[in-house]
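Notes to accompany the following structure.
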Amino acid sequence: MKLNIKNISWLLLAVTMGACSKKNEAYRDLVKDGEIYYPGIIQNAGYRAGNLRTMLYWNPSPDPKITHYKIYWNNKQDSLTLTADSHDPNDTASVIVPGLSEGTYNFNIYSIDGQERTSIAVNLNGVRVYGTKYRSGLFNRPYNAATPYLLDLLNGSVRVQFNTPDSINTTTKLQYTDNNDVLKTVLLSPDSSAITLDNFKFGTTVTYQSSYIPLRNALDTFTVGDVSNFAQITRAGDVTAVFIKNPGDPFYRSDNGTGKWGLPRDWQVNANARNQNNDQGGGWSTDNGGCIHFESKNWGDAPLVNGKVYQSFTLPAGTYDLDVVTAGNGGTIDANEVVATGTTLPDIDNLSGNNTVLALYHGDGGSIGGTHTLTFTLTQQTTVTFGWVVNGSVYTYLQFKKVALRIR
């Protein structure tokens, strides 16, 4: 077949011109009201996690024509509108989206101008919303099981100790009863491992409850549903080191001498007991490595009459056991281990029936040996004095190894 090339060329030209004409007509339909305008979009969108809600925030668009923002979620089934109060991109716009279920959400945020023209969407995906499921997985911050508390008995306070929190803990609320039967509340911060309970009433219960946030800048704080009881706080145990200075085993001397006789550090010695070494020593000797020591003057010169060695200290209310350990003795002795109120001890002929005496052990050469326990009760904080009041004939000695104070 013979083709007419010239005719084919004209045919192609006609088809092309027809197609262009149709495109131009479509374009004129799109721009017949002018060019399409898209309002400026927001910047730096983020969120703050909440309890069945969330806060969305962003830097506003600088477009001055924007009048409001439209936020959609749940595939645009839900929405809310926020008025554009600023067009400064250094400001922050925010809105709380309430009534959400626990889970993950995607939000679409549009900028809209006064003619209801809409910007391209800014998508904020993976927004976490928290609720009862998250709360049910929270636990109160654990206390230090090895050393749950430290006592300051004299001041009547307790320092309770906790482990480092293992999550985003914001605070732990503790409640306790003070000695006025008032319920007190203190807050333990996450960066602290201990807190003091002032004026604590022993025998009462301490409770605690921790709070957390799911994310660093969360909108809401979640508190553990259950209240936990702290370890039972008691004062029982040895409190010697808290109240008694130089309690013995050995007893230390207060002077710099090197001879047998000296004076005991932190203990008061009356003149009658300071009857050795030209009255420069007494009440303490190097025997048994260092002990409280009563002895007749220079062993055989004169009997010991109303010799005293004692120490005063202040104790809080409570029941106490004071253990006294004898090191040795010999001769005819009238020995008295005494706890009395005030800052001194009664004389030996005024011990019986004295209303300042809280506890008394009386012994002689046959019964003073071994360990004796003086028990007494204080109903309020009281200054007391413990010590020995001793009579002894010539060629008599009496030694004590140590003392120990326990509270029940």
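The values are calculated or read from the model by the stated rules, or taken from the named source; none is laboratory data. As the structure is a prediction and not an experimental result, all values here were calculated from the model. Cβ sites come from the backbone with ideal geometry, for glycine too, and all protein chains shown count toward neighbours. The protein model used for the area step is the full one, side chains on, heavy atoms only, and it has no ligands, DNA or RNA in it. Shrake-Rupley method; radii C 1.70, N 1.55, O 1.52, S 1.80 Å.
Some points to look at:
- Dipole of region 204-327, positive end: most advanced residue of Ser228, Pro303, Gln280 [Cβ charges, Cα centre]: Gln280
- The string of couplings for region 92-103 from the Karplus curve (6.51, -1.76, 1.60, θ = phi - 60°) is 10, 9, 8, 8, 9, 9, x, x, 9, 8, 5, x Hz, one whole number per residue in order, with x for Gly and Pro.
- Solvent-accessible area of the chain (1.4 angstrom probe, protein heavy atoms only): carbon and sulfur portion equals 48 percent.
- Of Glu102, Glu295, the residue with the largest accessible area leads and the full order is Glu102, Glu295 (1.4 Å probe).
- Multiplying each eigenvalue of the alpha-carbon gyration tensor of the chain by 5 and taking the square root yields semi-axes of 94, 21, 17 Å, largest first, rounded to whole angstroms.
- The base-10 log of I(q)/I(0) for region 288-408, evaluated at q = 0.09, 0.19 Å⁻¹, reads -0.24, -1.00 [Debye formula, identical scatterers on Cα atoms, solvent excluded].
- Ordered by 1.4 Å accessible area with all protein chains kept, His293, His68, His87 run largest first as His87, His68, His293.
- Where Val182, Val269, Val384 fall by accessible area, highest first, once all protein chains stay in place (1.4 Å): Val182, Val269, Val384
- Average accessible surface area per residue within the chain, 1.4 Å rolling probe, Å²: 53
- Centre separation in Å (Cα based) which lies between region 36-113 and region 151-207: 44
- Structural descriptor for region 286-408: relative contact order 48 percent, calculated from alpha carbon pairs under 8 angstrom and at least 6 residues apart.
- Accessible area (Å², 1.4 Å probe, nearest 10) - Asp166: 140
- With kT/(6 pi eta Rh) evaluated at 4 °C and eta = 1.567 mPa s, and Rh the Kirkwood radius from Cα pairs, region 26-177 diffuses with a coefficient of 66 µm²/s according to Stokes-Einstein.
- For q = 0.21, 0.23, 0.28 Å⁻¹, Debye-computed log10 I/I(0) when each Cα of region 346-400 counts as one equal scatterer: -0.98, -1.13, -1.42
- Using heavy atoms of the protein chains and a probe of 1.4 Å, the accessible area assigned to Arg53 is about 70 Å².
- Residues of region 201-222 falling in the label zone of Val182, defined by backbone nitrogen less than 20 Å from a point 7 Å along Cα to beta-carbon, are 201-207.
- With all protein chains modelled, accessible area of Thr314 [1.4 Å, Å²]: 40
- Based on every Cα atom in region 183-269, Rg and the maximum pairwise Cα distance Dmax equal 23.9, 75 Å.
- Using equal-weight Cα scatterers in the Debye expression, the normalised intensity of region 216-359 in log10 at q = 0.16 Å⁻¹ is -0.96.
- Cα-based convex hull, region 201-248, per residue volume (Å³, whole number): 154
- Reported to the nearest whole Å, the Cα centre-to-centre distance from region 258-287 to region 301-378 is 18.
- Helical runs (DSSP H, four residues minimum) scored at -39500 (n - 2.57) apiece and divided by the length of the chain put the mean residue ellipticity at 222 nm at -2500 deg cm²/dmol.
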